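Student: Could you have a look at this structure, given as structure tokens, before my questions?
The values are calculated or read from the model by the stated rules, or taken from the named source; none is laboratory data. None of the values given here were measured: they were computed from a predicted structure. A quick note on method: Cβ atoms are made from the backbone with ideal geometry, for glycine too, and the neighbour counts reach across all protein chains shown.
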Amino acid sequence: MDSFELNKIMGAILGTCLVLMVTNLTAGAVFSPKKVEKPGFEIAAKEETASGGGAKEAAAPAEPIEKLLQTASVEKGAASAKKCAACHTFEKGGPNRVGPNLYDIVNRDRAVEAGFNYSAAMKAKGGKWTFDELSKFLHNPKGYIPGTAMGFAGLPKDSERADVIDYLRTLAENPAPLPTAAK
């Protein structure tokens, strides 16, 4: 191998390095990354309002439940209640699961199902599960009773909520009468 061959090989290696360096500098100038203000990713999350009476106001449905129950469908409610079946049972004397048994829930005192350990927030709320109370709770459980252990996001659709409440009403030996709609 003579010196001319060695010069050609070294020249090719040097030329390749030069082309790579120029390409790298050009790409760095054209595709320069933006400097971030703070490191990490921003995760977009739905913010809840923290106003004076925010918890109850946030859970308020658009239409009164008395009016919605007049057109509610027990069959649709039974279908929608299947979402609840992962945590609740519906039959008389049924066992408690992650949530309490819901048989005869309408007009029952809150947090009284035997053998179920309710959260402190649910026990402190007190009162009865009236049609209106059920509607507000099912609309946004954590918004209506902050601190509840119920992890369900809620039923934002008024008609679906009314269907479920009408279905729950029928789960009793003596179902509660439908309330009359305010005119």
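Student: Provide a single number: the residues in the range 67-89 that are surrounded by fewer than 18 Cβ atoms within 10 Å (Cβ to Cβ), in contact (Cβ under 8 Å) with a residue 40 or more places away in the chain and assigned to a loop (DSSP other than H, G, I, E, B).
Tutor: Qualifying residue count, the range 67-89: 4.
Student: I would also like to ask the following. If you check VAL106, VAL112, VAL98, which single one turns out to be closer than 24 Å to PRO179 by Cα and surrounded by fewer than 17 Cβ atoms within 10 Å (Cβ to Cβ)?
Tutor: VAL112
Student: What number of residues in the range 127-142 are surrounded by fewer than 20 Cβ atoms within 10 Å (Cβ to Cβ) and of a type in the set (Ser, Thr, Tyr)?
Tutor: Matching residues across the range 127-142 total 1.
Student: Hey, any hits in the range 118-132 for a residue that's modelled with pLDDT under 90 and on the phi > 0 side of the Ramachandran plot?
Tutor: Yes - at least one qualifying residue is present in the range 118-132.
Student: Enumerate the helices (runs of 4 or more DSSP H) found wholly within the range 119-168, keeping only those where 3 or more residues are of a type outside the set (Val, Ile, Thr) and closer than 21 Å to THR89 by Cβ.
Tutor: 131-139
Student: Filtering the range 35-66 down to residues that are at pLDDT below 75, in contact with an Asp or Glu (Cβ under 8 Å, 6 or more places away or on another chain) and not in a loop (DSSP other than H, G, I, E, B), which residue is nearest to ASP163 (Cα to Cα)?
Tutor: In this case the residue turns out to be ALA58.
Student: Right, here's the next one. Give the residues of the range 70-104 that are under 19 Å from the mean Cα position of the chain (by Cα) and of a type in the set (S, T, N, Q), sorted by residue number.
Tutor: SER80, the sole residue that qualifies.
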